[in-house]
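Written below as structure tokens is the structure these notes are about.
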Amino acid sequence: MSTTPAVNEFNLHFLDYWRVIRVRYGIILLAFFLVVITTGVYTWFLPRQYRSSVYMQVQSRLIDMPIFGPDDSTGQRLVDPVFANTQYEIIQRRDILLPVIRELNLTERWGEKGLPMAEEVAILKLRGMLTVRPVRNTDLLQIDIYSTDPKEAAEIANKLADIYIEVRSKVHRRSMGGALGTLEQEVAKQEEEVRKRYNAMIKAKEEAGITDLGAESESDPVLVIDRLYMAKAEEVNQARSLATRDEALIKQIQTLSGEELMRALTSLQINDPIVAKNLPLYQDAVAMEARLLNSGLGPKHPRVLELKAQADVILRQLNEQVDSIVKSIQSRLDVSKENVRQLETQLAELEKKQRDTKNLSSEYARAKNDYNEARRILEAAKMRLQTKGMDSAMPLTPATIWERAVESSFPAKPNVVLNMVLGVIVGLIVGVGLAFFIEYLDTSVKTMEDVESLLKVPVLAIIPKNVALLHLTPSETPDAEAYRILRTNIEFNRKNADANSITFVSGGAGEGKSTTLCNLAYICAQGGYTVLIVDADLRRPVQHRLFGISNDIGLSNYLTTNIGLEEVVFQTPVENLYLMPSGILPSDAVGILNSQRMSDMVADVKSRFDLVFFDSPPVLGVSDASVLASEVDLVIFVIQHRRFPRKMLLRVKQSVINVGGNILGVVLNNVDVKHDPNYGYYTNYYDYYAKPTTKESRPPVIGAVSSNSESRSGGEDY
């Protein structure tokens, strides 16, 4: 449910746009062809210009070596777009263009009447002929020269490239010479600074009494003392560790004795080969002795005594060896303690020397650092000087011409195809834009919805454009169906049958109300009604001409004299249709419609005829139409499609309402249904039209007509 309105709204908008294009297609085509023709004529008269191009590779550095960025190690040459744009601007400057003009003597060539052209004017002209374009993603420049003379274009393009290379080479040599001189001055100045700082360093060293073999090294003598002190402290710590280890080992040995000590030597990480060899022999002898005793041998048994003696000898050897090991460890401990004492003394001496050296060498260290810094700056300056010297000695290649200009055989400007395509596009844009602008300015009514929403009255009929007078056509025509629709809508919209006097009004002249009234009267007469047309437009009467009846006598005569109604009502060539012409209006009878005799006449013809149609002048500017609107039963607006603004229609309606007129509806006249598809639904009877069969109706006699009901006995034919 929610999507349907949106779709309908979009379709309506699209159809509205298409309707504007169809209605205003004449303006669109006119603007389109004017723009296209103007473009073609302008293109035809433009001078033919030939283009010559030079392709030149400019170098961002004047030495032939790759340029590497911080993130590029591929060795590929990087493109600098800023540099290319800079050269693009430089080529168009005066310092490049003026030498070209002078060497080619362009001021003489471009002069008129034997007078040379001013150089400033020539520069402007050459700049207008020049186009410089950097080739994307490369350091190539394309120099284009446009001229009516192809030879001149090629000559200027080549000369411009040569002058650019020459000027840039001069600028490079000048800048390199200045840079070398500046660098040489900097090197000499820095050498003097290095000598001054060296002398200051030697003086500080002598005053401090420091011996520094690496005076030109980066190391600080204070740092050397620190390193010696740290090394000696590390050596003291290691000696203390060894002494502590031996002291702890002696304490553990002293808690053990005999076989316990022998067995613990391995766990104490004391590996003695004698103990390792004899201890198992002693243990085996003791074990064998115990087995013999357990087997029943006595203690005095020779075998037992032998094993016991063997075990005692081995045990004595072991005890002697263990004593020797203990003495060795004790001696090593004594040596370690002495070593620690000596190292601690040396460490104390180094510590004192370190303090003394720091106090004496602070000034020397600063002088040495200043000297080394100045020396580094001097080395860097010498390196830059050497690099610049090598650069200046290398061949200069500010730019390389890869393709020189040649004479062109075909003009490059104007581009006829491009100009005409642009002309077509611009023509369409201008035409459509102009159509929509005119549509925006047009405040006239365009659709039935416009009329009904503006005037708040229904649209009774849509009358197509170029409808002929129906009573003059030889046979039935589809145009008549629009008036049948109007007749039917009038019947259904009037409140009662007695409301049979109707006037047709419009805001201005020429909206077609007289023709609409004539054709409607004809259709009503064909349908069996007795119809009277009263031409109340006394100033510009037309109804008598439409039916070929004389206008010598008519409404004006009836209102200004005492003649009878029968003398001013005439039978037309159409059956059941009568006409009261306007008559000739006397010069002193302006405003005669606003009279009692006019009111009596309206009442009289209402009783004699089924329908009475009053043709009136325009409402705005003439009072007669307002008088008629107040006298008759119904008022019908005739509005010409797309003619008058809406405010005018509102004034017409208000004028009728102010005099008490009863507005029945609106006839939208002169609609161009071919170009406005919104009205196709209301005029499709042209495709389905079939000639109706008419019924016979009673021809009325004017004197015998007394009531509307009797006159309609003949019925209606649709």
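Coordinate-derived values only; no laboratory data. Note that the structure is predicted; figures quoted are calculated from it, not measured. Don't worry about glycine lacking a Cβ; one is built from the backbone with ideal geometry, like all the others, and counts go over all protein chains shown.
Projected label points at Gln386 and Glu349, each 7 Å from Cα along the beta carbon direction, are separated by 4.7 nanometres.
Full extension of the chain between Asn658 and Ala412 yields a length gain of 81.3 nm, computed as 0.36 nm times the residue separation minus the alpha carbon distance.
Counting other Cβ atoms within 10 Å as a rough exposure proxy, the listed residues Lys337, Lys606, Lys495 run Lys495, Lys337, Lys606 from fewest neighbours to most. Among the listed pairs Lys232/Lys368; Lys327/Lys352; Lys327/Lys353, those with a Cα-Cα distance over 30 Å are Lys327/Lys352; Lys327/Lys353. Across region 458-468, rounded Karplus estimates of 3J(HN,Hα) from the backbone phi angles (6.51 cos²θ - 1.76 cosθ + 1.60, θ = phi - 60°) give x, 8, 7, 6, 10, 9, x, 6, 6, 7, 7 Hz, Gly and Pro being marked x.
Cβ-to-Cβ counts within 10 Å put Lys513, Lys205 in ascending order as Lys205, Lys513, the fewest first. As a proxy for reagent exposure, ranking Phe609, Phe410 by other Cβ atoms within 10 Å from fewest up yields Phe410, Phe609. Between Ile37 and Asp672, the FRET efficiency estimated from the beta carbon spacing at R0 = 35 angstrom works out to 0.80.
P(r) for region 375-441, from all Cα pairs and a bin width of 10 Å, is 14, 15, 13, 11, 11, 13, 13, 9, 1 %, short bins first.
Between their Cα atoms, which of Lys205/Lys388; Lys203/Lys388; Lys113/Lys151 are more than 30 Å away from each other? The answer is Lys205/Lys388; Lys203/Lys388.
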